[in-house]
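The values are calculated or read from the model by the stated rules, or taken from the named source; none is laboratory data. Since the structure is predicted, the reported quantities are computational estimates derived from the model, not experimental observations. Positions of Cβ are backbone-derived with ideal geometry, glycine not excepted, and every protein chain shown enters the neighbour counts.
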Amino acid sequence: MKQGYTLVLFFLVSTVYSANAQFWDFSPASKLSETINSNAEESMPMFSKDSSTLYFVRTFDAKNAGGAIDQDIWYSSKNEKGFYGKSEKLTTLNNKLNNAVCGMNADGTSLYLINCYEGKHPKESGIAISQKKGGSWGKPKSLKIPALKIKGDFINFFVSQDENVIILSYAGMDSKGMEDLYLIKKQVDGSWSNPLNLGTSINSSGFEISPFLSLGLDTLYFSTNGRGGMGDADIFYTVRQDDSWTNWSEPENMGDKINSSKFDAYLIASGNQFYWSSNRESDKSDIYFTTRLYPPAITLSVLPIISTVPKKGHAIDLTVNGGGKHLKYSWSNNDTVQDPQDLQPGVYKVRVSDEYGQEAFAEVKIDVPVFANEDEMEASKVKELNKDLDKNNIIYFDDNSSYLNLENKKVLDYVIPILKSKPELKVFVLAYADKRGTNHYNYWLSERRMKRSIAYLVEHGIDKNRITGSYKGESEPLINCSNCDEEQLKLNRRTTIKFKTK
C-alpha cells in the first residue's frame, strides 16, 4: 500500500472553490484543533458550499461502523465564533465499507460520495450521489459512466461544481506510470465522454492523485511522487493554457509552507485558506490549513521626462512600489512598457496590475511640444519664462519718479539669477509713463526709468551687451481712460522685462 493512502479503493469528488493560480506566500501550516484531529487518521477535508460544515474522513477509529479498520464520514459545524466544534459521524451515509463525502454541487443539494452502497464490492464501485430532501440526505444512487473501466486498487475523482467535468486519477490503459490524471466531460445528451489522459505535462512515471480544480476550471491542484520535491508526495499546481485540456503550464511545487518530508495530498480551498492532509507529525494523517498571503498594495508615481533633443519625443518615468513579481502595464496609448518613450504632448493614463488581481491607476500630462530644431526649442523656453514674468514681474515706478523702490528691485532680483544661469539669454527693458505731465516730459521720464533698470542689472553682474531697451512715454497705455483713477495710472506707468535669444 502506498504511504498516506487510506483506502484500497478510494474516490475523490470535490467542490470547486476560487483559488488564484499565482501565490505570493503562505502562513506557516497549522493543524486543525482536536475537535477535528484525533488519535485516529483524518483526511480528505471537504466543505459545504458556504464552509459552514467541514466533512472529512476518519480511519482507524473503533467508533466507525466497521470498526477500527473501517473508514467513515465525520463532520463538524462552525459555531458563532467561527470555529469548528465537536465532530460527529454522518451515520445515515456510513456503512461497513469505505465511506467518504467527496464533494457538493453549486447549490448544495447534491452530495457526492464513494459508491459503496447498493451491496456492491468496493472494486466495482464508482461515484454515488445523495440528494437533499427535507433537510436530510437521501439514499445514494450511482453515477453511470459506462466508459470508465477501473483497473488497479487506487482511484480518485473530482467533479466540477456545475457537474459537467470530472477529473479522475487511476491506472488507465495509457497511463504514463502508476495513477494518471484523466478528464471525463458530460456530453450534450447527458452521457459521459471516454477518459482523456491529461498528458505528459502533468502525468509522470510516478502517481498523480487527489485532483482539485479552481472555480474557473483553469488551475489544477494535485499530489504526485513523480516530480521530486520535499517528501513522499508533494502538492503541485498547474494552469490550463487552452481549451484542449491537455496543454498545461509546467507544474509548480506549492512550497514548504504546505509540503513536508512526508505525504501531503487532498488539498482544497476555502476563500483565502487551503486545507489538506499530511502525516508530517506521525504515522497517521491529520488535517492542516494555511492562509494565502498577498503582496503589498501597488502604488504609483509618474513624472514626465521632457526631451531636450530636437525632433525627439518626450518620455514618462513610472515608479512602482508593491505588487507581485509579474507586473503588467497598460497605457492609454497602447504601450505595455513601464516607461514609454518618444511621446507627443497629451494626457497619458496607465493601469498597472499584478498576477494576484491587484491594480493601480495614474495619469500624467505632457504639455510641451516636440521641437523641430534648437531655435524653436529655445524660443519656447523663452516664451515660458516670459509668461512667468508677465504674471508676476512687472515694475511699477512711483508717480513722477524714476528711482527703484524695494518692490521694483525684487522684480529685477528675480530676473538676475535666471540670466546668470542661462548665458544664452538676453533681456529687453521697455518703460512707460502715465498721461500726467507733457508728452515731452513723459518720454524723458520713461527713458530715465529704462536706464535705471538697466543700470541695476549691470551693477549686479549682467553684461550690458546682453541688455537692450526702449521707452514709450505716455503712448500705448495699458488702459485707455479719460478720468483715470490712481490704480489705472499705476498700470499705465509700467516697465516690462522680456527675455530674448537674439
In the set Ser301, Ser332, Ser270, Ser260, the lone residue that is over 23 Å from Asp367 (Cβ atoms) and at pLDDT 90 or above is Ser260
The strands (runs of 3 or more DSSP E) lying wholly within region 215-310 that contain at least 3 residues that are basic (Lys, Arg) are none
Here the residues within region 401-418 that are polar (S, T, N, Q) and closer than 13 Å to Thr496 by Cβ are Asn408
Point to revise | Qualifying residue in region 479-490 (condition: modelled with pLDDT under 90, surrounded by 15 or more Cβ atoms within 10 Å (Cβ to Cβ) and assigned to a loop (DSSP other than H, G, I, E, B)) | key: yes
- Regarding Ser278, is this residue touching a Phe, Trp or Tyr at 6+ places or on another chain (Cβ under 6 Å), under 27 Å from Asn37 (Cβ atoms), modelled with pLDDT under 90 and surrounded by 17 or more Cβ atoms within 10 Å (Cβ to Cβ)? no
Contact list, first residue from region 343-358 and assigned by TED's automatic domain parsing to the domain that holds Ile316 and closer than 30 Å to Lys311 by Cβ, second anywhere and at pLDDT below 90 and not in a strand (DSSP E or B), beta-carbon distance below 7 Å, six or more apart or interchain, is Leu343/Gly313; Gln344/Gly313; Gln344/Val370; Pro345/Asp367; Pro345/Val368; Pro345/Pro369
How many residues of region 20-49 are assigned to a loop (DSSP other than H, G, I, E, B), buried (at least 19 other Cβ atoms within 10 Å of the Cβ) and of a type in the set (S, T, N, Q)? The answer is 1
So, first residue surrounded by fewer than 16 Cβ atoms within 10 Å (Cβ to Cβ) in region 109-127, second residue modelled with pLDDT of 55 or more, Cβ within less than 6 Å, six or more apart or across chains; the pairs are Thr109/Lys132
- prompt: Does Glu424 satisfy being surrounded by fewer than 20 Cβ atoms within 10 Å (Cβ to Cβ) and within 20 Å of Tyr396 (Cα to Cα)?
  reply: no
Exactly one of Asp242, Asp234, Asp218 is among the charged types (D, E, K, R) and at pLDDT 95 or above, and that residue is Asp234
Checked pairs for region 60-82, first under 20 Å from Ser270 (Cα atoms), second basic (Lys, Arg) and surrounded by 15 or more Cβ atoms within 10 Å (Cβ to Cβ), C-beta under 9 Å and 6 or more apart or across chains, list as Ile73/Arg58; Ile73/Lys89; Trp74/Arg58; Trp74/Lys89; Tyr75/Lys89
